[in-house]
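Enquirer: My questions will all concern the structure given below.
The values are calculated or read from the model by the stated rules, or taken from the named source; none is laboratory data. The structure displayed is predicted, hence computed values, not measured ones. Ideal geometry is used to build each Cβ from the backbone, glycine not excepted, and the neighbour counts take in all protein chains shown. Only protein heavy atoms, including side chains, enter the accessible area calculation; ligands, DNA and RNA are left aside. Shrake-Rupley method; radii C 1.70, N 1.55, O 1.52, S 1.80 Å.
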Amino acid sequence: MADFTGRKPYIAGNWKMNLDRMTALDLVKTIKGRLGDGDDREVAVFPSFVYLADVVAVAQGSPLGVGAQNLYFEEKGAFTGEVSAPMLRDVGATRVLVGHSERRHIFKEPNDVMGPKVAAALKADLLPILCVGETLEERKAGRTRQVVDKQLKAGLAGLTPEQAHRVTIAYEPVWAIGTGVNATPEQAGEVHAFIRGKLKDLFGIDASQGIRILYGGSVKPDNVKDLMAVEDVDGVLVGGASLKPDLFLPIIEFDR
Ligand code: PEP
């Protein structure tokens, strides 16, 4: 039986299609210099594919994790423009985002590719963050739970409890991403508790207690503490505020 113990707070920075090479490497150096031994929190950045190898090289020797923002589920072949899980491992990435709302909504990635993506990541020994979350329209229609449930079931399809334990879930309401309007701690807490319950149904109590659930959507230095205080919020996935040291460092260093 796997050891499903404590959930270390996880702070992840999704840089999206931002930062040039020099700025990205400078930011990694700054974060690295402030991380300490990484004992009480886990921090990772998700740069553009093209800078992954350089970011990995600079992060070397520190607990800073480095991951990609997407992957394709096939290992190789005629898939122009795609990047596979073994390729990500080959350049030193150890993590990957799956199903970010921009992939789902701008690039129309269907829900049913998320399971194969998560499985491909795990097979290559990458730690996936599976992103789920409802649009404003879906929330207003009272469909938040239904949407999140469907995304969880598709993304985690076929996994054993041991495999699921290596997945992190990020609840990212689409209406809160890049808008400056974060979910309130109450709104986040309600959906995170729902997700924890679903994980229990799918994988049993022990595994469900070990899986981290991050909140994402307009996280800033002034709201991180309140969000992190919510039961079942085990970390944050940060977009815009992860691009600048004066915003990202206070988030990483939030007072527990
Ligand atoms: C994200 O891209 O995952 C995100 C949460 O963005 P932001 O923090 O800018 O809302």
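Enquirer: Is there a residue in region 178-191 that is away from the ligand (no atom under 15 Å from the Cβ), buried (at least 19 other Cβ atoms within 10 Å of the Cβ) and under 17 Å from the mean Cα position of the chain (by Cα)?
Expert: no
Enquirer: Is there any pair with a first residue in region 164-178 that is more than 20 Å from residue 122 (Cβ to Cβ) and of a type in the set (Asp, Glu) and a second that is near the ligand (Cβ under 10 Å from one of its atoms) and in a loop (DSSP other than H, G, I, E, B) whose Cβ atoms are under 6 Å apart and which are 6 or more apart or on different chains, and what are they?
Expert: Hits for this filter: 172/133; 172/217.
Enquirer: Also, quick follow-up: Please go through region 95-109 and give me each residue that is open to solvent by less than 50 Å² (accessible area, probe 1.4 Å) and outside any helix (DSSP H, G or I), ordered by number.
Expert: Listed by number, the residues that qualify are 95, 96, 97, 98, 99, 100, 109.
Enquirer: May I pose another question? Please work out if residue 112 is open to solvent by 40 Å² or more (accessible area, probe 1.4 Å) and either in a helix (DSSP H, G or I) or in contact with a helix residue (DSSP H, G or I) (Cβ under 6 Å, 6 or more places away or on another chain) (or both).
Expert: Spelling it out, residue 112 is indeed open to solvent by 40 Å² or more (accessible area, probe 1.4 Å) and either in a helix (DSSP H, G or I) or in contact with a helix residue (DSSP H, G or I) (Cβ under 6 Å, 6 or more places away or on another chain) (or both).
Enquirer: Same structure, new question: Could you look through region 102-151, keep only residues that are in contact with a Gly (Cβ under 6 Å, 6 or more places away or on another chain) and within 16 Å of the ligand (Cβ to nearest atom), and pick out the one that is farthest from residue 239 (Cα to Cα)?
Expert: Ranking the candidates gives 114 first.
Enquirer: Only residues that are of a type in the set (Asp, Glu) and within 28 Å of residue 43 (Cβ to Cβ): list them for region 83-116, please.
Expert: Those that are of a type in the set (Asp, Glu) and within 28 Å of residue 43 (Cβ to Cβ): 90, 102, 109.
Enquirer: May I ask you to say which residue of 72, 51 is touching an Asp or Glu at 6+ places or on another chain (Cβ under 7 Å), among the aromatic types (Phe, Trp, Tyr) and open to solvent by 20 Å² or more (accessible area, probe 1.4 Å)?
Expert: Among 72, 51, only 72 is touching an Asp or Glu at 6+ places or on another chain (Cβ under 7 Å), among the aromatic types (Phe, Trp, Tyr) and open to solvent by 20 Å² or more (accessible area, probe 1.4 Å).
Enquirer: Quick one: which residue in 87, 17 is open to solvent by 20 Å² or more (accessible area, probe 1.4 Å) and within 16 Å of the ligand (Cβ to nearest atom)?
Expert: None of the others qualify; the one that does is 17.
Enquirer: If a residue has to be touching a residue at least 12 places away in the same chain (Cβ under 8 Å), open to solvent by 20 Å² or more (accessible area, probe 1.4 Å) and either in a helix (DSSP H, G or I) or away from the ligand (no atom under 14 Å from the Cβ) (or both) to count, how many in region 212-256 make the cut?
Expert: The number of residues fulfilling the criteria is 15.
Enquirer: Within region 16-24, is there a residue that is charged (D, E, K, R) and under 15 Å from the mean Cα position of the chain (by Cα)?
Expert: Scanning region 16-24 turns up at least one residue that is charged (D, E, K, R) and under 15 Å from the mean Cα position of the chain (by Cα).
The rows are residues; the columns are (1) at pLDDT below 95; (2) farther than 30 Å from residue 20 by Cα.
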site: 196; (1), (2): no, yes
site: 199; (1), (2): no, yes
site: 203; (1), (2): no, yes
site: 207; (1), (2): yes, yes
site: 222; (1), (2): no, no
site: 227; (1), (2): no, yes
site: 238; (1), (2): no, no
site: 248; (1), (2): no, no
site: 251; (1), (2): no, no
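Enquirer: Are any of the residues in region 162-169 in a loop (DSSP other than H, G, I, E, B), more than 16 Å from the ligand (Cβ to nearest atom) and open to solvent by 20 Å² or more (accessible area, probe 1.4 Å)?
Expert: Yes: region 162-169 contains one or more residues that are in a loop (DSSP other than H, G, I, E, B), more than 16 Å from the ligand (Cβ to nearest atom) and open to solvent by 20 Å² or more (accessible area, probe 1.4 Å).
Enquirer: Now for a different question. Could you tell me whether any residue of region 153-161 is within 14 Å of the ligand (Cβ to nearest atom), part of a loop (DSSP other than H, G, I, E, B) and open to solvent by less than 30 Å² (accessible area, probe 1.4 Å)?
Expert: Within region 153-161, not a single residue is within 14 Å of the ligand (Cβ to nearest atom), part of a loop (DSSP other than H, G, I, E, B) and open to solvent by less than 30 Å² (accessible area, probe 1.4 Å).
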